[in-house]
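Some notes on the structure that comes next.
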Amino acid sequence: MKVYKFGGASVKDAAGVRNIASIVGAEKGRLFVIVSAMGKTTNALEGLLDTFYDGKTALALERLQNIVDFHNRIIAELWGRPFLPDRVARFYMELEETVASSNPAVREYEVWYDRIVGYGELISTSIVSEYLAAVGIANTWVDMRECFVTTARHKDANVDLERSAERLVPLVEAADSRVYVGQGFIGATEDGAPTTIGREGSDYSAAAAGYILGAESVTIWKDVEGILNGDPKRFDDVCHIPEMNYLDAIELAYSGAQVIHPKTIKPLQNRNIPLHVRCFLDPALPGSVIRAGVQKNREIPILIVKPSQVLLTVRANDFSFILEERFAQIFALLDEYMVKVNLIQSSAVNLDLCMDRTRHLEELTERLRQEGYYTRYNTDMELITIRNYTPQQLAALEGAQDVYLVQRTRRTLQAVRRREE
Ligand SMILES: Nc1ncnc2c1ncn2[C@@H]1O[C@H](COP(=O)(O)OP(=O)(O)O)[C@@H](O)[C@H]1O
Ligand SMILES: N[C@@H](CC(=O)OP(=O)(O)O)C(=O)O
């Protein structure tokens, strides 16, 4: 069994769906296909959720209609006639009922997020599965909410691989198909409450499926040639990296290289499953492979920019030593508000944290104030990571006015910088 993962960009229109049908059709062995929501549907569903959450039902329903129209246009182009697969119709209806009738309780934002935003993947996989069948690729549509048992940390859940294996393996055996189509990004708690596993998390879904099914490989199909030493959307002069070991890959992903979701590597490394990054725009290209046994990259400089960062400074009003006396309390609070910290620096009494932007920032800092801390923050920051940095790069970052914090080891340089306009 191989696992293929197709992201939103690969299924953003009818031509994209046809293209993935051709890639899937070219593989003759057994395939578990993970698909994300089409194009920018997850963003659109987040927008819908916000209006719904603010009680603006009419506007939420209008946004839902735009999402429905977008998918219906793709279906119409694929089939060349008006057609609505039963499952897609059911998901439209469930979404409409939820949006029209429910009244969200204030503290349950993340729970509502998971009830609503995961529909992007449910709809996209239903269309893809139906289309594959229509072009002669028989397949089984899999509801990953029934297969991936996750933690109840809504909006950022983790897949329990062992519990999920108890569900996914028998399902795959019973269906006995060559091709399976399941959703990225979603799962459910033990008692069936829908969950999502973090934005851009479908790579992780593919890795989890690969682990559970003992796949010979996992391939994530992207719009780039493979892994590059920088984001081609930001830098002109990038080079292709044909292979990488798991350790370099997990550091790259964790630092914010969008091409691989950070949670993807661990399940694959644990079972020694190679991860291929290939280009859906040109399947003939070899792409990149992440696997064991590849030499550590000590030469090629890799530049990663993680946007949407907040730099938060925390100090206890009573001048307690921050690491010795306050660290655990601060981190318990950060965890409570589901904050993702990407870099830490401390002095005697100050703790500087570079973290992902969060909608709970005001609540968090208020809580910290109540607990006796002084706080200060900047919200318009980005985190730069350079692996195998040069002395020139170090000097440039250290000397730059808009750089607020620099940290380095022998191989890795990190800097928190005010975002360039
Ligand atoms: N080091 C890198 N190598 C390749 N692509 C990168 C890198 N860093 C960032 N990217 C970006 O990642 C994008 C692909 O990831 P993403 O859009 O999340 O894929 P998908 O949503 O289809 O799974 C590329 O278009 C590229 O702009
Ligand atoms: N649809 C989700 C999950 C995902 O992984 O998408 P993509 O594969 O397009 O990054 C998101 O946009 O976050």
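The values are calculated or read from the model by the stated rules, or taken from the named source; none is laboratory data. In this text the structure is predicted, and so the values were computed from the model without any measurement. Note: ideal-geometry Cβ built from the backbone for every residue, glycine included; neighbour counts use all protein chains shown. What goes into the accessible areas is simple: the full protein's heavy atoms, side chains included, and nothing from ligands, DNA or RNA. Shrake-Rupley method; radii C 1.70, N 1.55, O 1.52, S 1.80 Å.
Residues of segment 169-193 that are hydrophobic (A, V, I, L, M, F, W, C), touching a residue at least 12 places away in the same chain (Cβ under 8 Å) and under 25 Å from Ala134 (Cα atoms): Leu171, Val172, Ala175, Val179, Val181. Within segment 267-277, the residues that satisfy the criterion of being touching a helix residue (DSSP H, G or I) at 6+ places or on another chain (Cβ under 9 Å) and either in contact (Cβ under 8 Å) with a residue 24 or more places away in the chain or within 11 Å of ligand 1 (Cβ to nearest atom) (or both) are Pro267, Leu268, Asn270, Arg271, Ile273, Pro274, Leu275.
Scan segment 198-218 and tell me whether some residue there is within 14 Å of ligand 1 (Cβ to nearest atom) and assigned to a strand (DSSP E or B).
yes
Could you say which residue among Glu77, Glu62, Glu27, Glu94 is open to solvent by 60 Å² or more (accessible area, probe 1.4 Å), out of contact with any helix residue (DSSP H, G or I) (no Cβ under 7 Å at 6 or more places or on another chain), more than 16 Å from ligand 1 (Cβ to nearest atom) and outside the structural domain of Tyr337 (by TED's automatic domain parsing)?
Values: Glu77 fails: out of contact with any helix residue (DSSP H, G or I) (no Cβ under 7 Å at 6 or more places or on another chain); Glu27 fails: open to solvent by 60 Å² or more (accessible area, probe 1.4 Å); Glu94 fails: open to solvent by 60 Å² or more (accessible area, probe 1.4 Å).
From the options Glu77, Glu62, Glu27, Glu94, the qualifying one is Glu62.
Candidates Glu324, Glu371: the one that is of a type outside the set (Val, Ile, Thr), touching a residue at least 40 places away in the same chain (Cβ under 8 Å) and farther than 30 Å from Lys222 by Cβ is Glu371. Taking the criterion of being in contact (Cβ under 8 Å) with a residue 24 or more places away in the chain and part of a loop (DSSP other than H, G, I, E, B), the only residue of segment 60-101 that qualifies is Pro85.
Could you look through segment 234-278, keep only residues that are acidic (Asp, Glu) and assigned to a helix (DSSP H, G or I), and pick out the one that is surrounded by the fewest Cβ atoms within 10 Å (Cβ to Cβ)? Looking at residues that are acidic (Asp, Glu) and assigned to a helix (DSSP H, G or I), I get Glu251. Consider segment 8-24 and keep the residues that are open to solvent by 10 Å² or more (accessible area, probe 1.4 Å) and within 19 Å of the chain's Cα centre (by Cα). The one that is nearest to ligand 2 (Cβ to nearest atom) is Gly8.
Of note, Ala348 does not satisfy the criterion of being open to solvent by less than 40 Å² (accessible area, probe 1.4 Å) and either over 26 Å from the mean Cα position of the chain (by Cα) or within 16 Å of ligand 2 (Cβ to nearest atom) (or both). Applying the criterion of at least 2 residues that are closer than 30 Å to Glu110 by Cα and touching a Lys or Arg at 6+ places or on another chain (Cβ under 9 Å) to the helices (runs of 4 or more DSSP H) found wholly in segment 309-421 leaves 327-336. Before we move on, is Arg291 more than 19 Å from the chain's Cα centre (by Cα), surrounded by 15 or more Cβ atoms within 10 Å (Cβ to Cβ) and more than 24 Å from Tyr389 (Cβ to Cβ)? Judged against the criteria, Arg291 is a match.
For segment 259-277, enumerate the residues that are of a type in the set (A, V, I, L, M), within 14 Å of ligand 2 (Cβ to nearest atom) and under 14 Å from Asp248 (Cα atoms).
Our first condition is that a residue be of a type in the set (A, V, I, L, M); within segment 259-277, this holds for 259-260, 265, 268, 273, 275, 277.
Subset that is within 14 Å of ligand 2 (Cβ to nearest atom): 259-260, 277.
Val259, Ile260 - these are the residues of segment 259-277 that are of a type in the set (A, V, I, L, M), within 14 Å of ligand 2 (Cβ to nearest atom) and under 14 Å from Asp248 (Cα atoms).
Of all the listed residues (Val111, Val128), the sole one being at pLDDT below 95, part of a helix (DSSP H, G or I) and not small (Gly, Ala, Ser) is Val111.
Kindly evaluate Asn103 against the criterion of being open to solvent by 20 Å² or more (accessible area, probe 1.4 Å) and at pLDDT 95 or above. So Asn103 fails the test.
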